[in-house]
Amino acid sequence: MNTTRTGRLHFALAALLLTGAGLPAQLTEWPATVAPGRFLLEMDAISLTIDREGGDKYTAFGAASTFLTVGVAQNWDIQIGAELFISQKADRGGLSDRNSGIGDVYFRTKWRFYENTEMGASAAVIPFVKIPTNSGGVGNDSVEGGVIVPWQATLAGGLVMYSMVELDLLRNDADDGYDTYWFGSMALSREVTSRIRLYAELAGAKSSGGSPWEATLGGGVTFNISENIWWDFAVYRGLSRGAADWNPVVRFNWGF
């Protein structure tokens with residue numbers, strides 16, 4: 001597998017994990033923080049990425065990619081994440097290349113610096129760092145990091161809008177330095193019943209390394225089993241050459 005494609009597959013998985021810490025739009029981070037002394041467990045139970053280009057096919061499978069968040073103050077929490085299993089396969093020219101193993105560990109913290117309860121609006125900042133702990137060739141063995149700024153607002157008709165911008169420093173394909181990587185997304189969510197919520201999401205990304213734009217459109221549904229437990233089912237479709245073709249994902253969330 002060439003290094004450019006490896007980076008694209010890594011992004012397809014990491015984007016869900018790094019920015020995926022919120023209900024109901026998982027690619028788009030939300031600014032709310034976990035209450036002091038409380039915990040939130042968020043897991044991409046199953047994530048599948050499929051990408052075809054010409055006669056080549058690339059697939060990536062992730063299981064139990066998990067974030068655990070603990071509330072420290074009313075507007076501040078701390079998060080640790082781990083990719084517990086990743087498998088990648090490239091079929092190219094009649095040959096196959098497969099890698100599988102554990103992924104990396106992520107440390108994040110979230111500070112909600114703005115809140116307007118009358119308008120239903122809030123904003124936060126989330127710096128993070130990735131520590132390379134991967135095995136089996138599924139990672140790039142490099143320290144990476146960045147910062148996320150999420151924002152949300154309540155709109156008319158029961159709609160909630162989530163949006164965010166993210167700047168990452170990612171190891172380049174030549175493995176001799178770092179590229180900047182911009183990611184932005186927006187989601188609209190609406191409650192259908194007391195237990196079911198629907199959402200639609202649009203995301204785009206661009207690297208300074210010269211790779212093509214990545215644009216993704218998706219949607220999903222969340223099912224609240226109880227006040228503190230819910231499942232999230234989503235499917236994302238790549239809209240540009242730089243994005244993976246398909247990415248279905250099943251997520252589990254538990255607050256305690």
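The numbers here are math on the coordinates, done by the rules we state, and not lab data. For clarity, every value in this text was computed on a predicted model and none was experimentally measured. As a convention, Cβ positions derive from the backbone with ideal geometry for all residues, glycine included, and neighbour counts pool all protein chains shown.
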With a cut-off of 8 Å between alpha carbons and a minimum separation of six or more residues, what is the relative contact order of the stretch 3-255 in percent?
17 percent
Along the stretch 78-92, Karplus-curve 3J(HN,Hα) (6.51, -1.76, 1.60; θ = phi - 60°) to the nearest Hz, with x for Gly and Pro, reads 10, 9, 10, x, 8, 8, 7, 7, 9, 10, 10, 9, 10, 10, 8
Computed magnitude of the charge dipole of the chain (debye, nearest 20; Cβ of K, R +1, Cβ of D, E -1)
420 debye
Mean-position separation - Cα centroids, the stretch 220-256 and the stretch 97-115, in angstrom:
16 Å
Give me P(r) over the chain, computed from all C-alpha to C-alpha distances, binned every 5 Å, as integer percentages.
1, 6, 14, 18, 21, 18, 11, 6, 3, 1, 0, 0
Taking loop as defined by DSSP and a crowding limit of 13 other beta carbons within 10 Å, which trypsin sites (Lys or Arg not before Pro) in the stretch 190-237 fit?
Arg195
What does the helix-only formula give at 222 nm for the chain: each DSSP H stretch with n ≥ 4 adding -39500 (n - 2.57), the total divided by the residues, and the result rounded to the nearest 500 deg cm²/dmol?
-2000 deg cm²/dmol
Restrict the search to the stretch 166-256; then list the GluC sites (Glu not before Pro) that DSSP places in a loop and that have at most 13 other Cβ atoms within 10 Å of their Cβ.
Glu227
Which ³J(HN,Hα) values in Hz, rounded to whole numbers, follow from the phi angles of the stretch 218-234 under the Karplus curve 6.51 cos²θ - 1.76 cosθ + 1.60, where θ = phi - 60° and Gly and Pro get x?
x, x, x, 9, 10, 10, 7, 6, 8, 4, 10, 10, 8, 10, 9, 10, 9
Residue-wise, which Karplus ³J(HN,Hα) couplings in Hz belong to the stretch 167-183, taking 6.51 cos²θ - 1.76 cosθ + 1.60, θ = phi - 60°, and x for glycine or proline?
10, 10, 10, 10, 4, 7, 5, 7, 6, 10, x, 10, 9, 7, 9, 9, 9
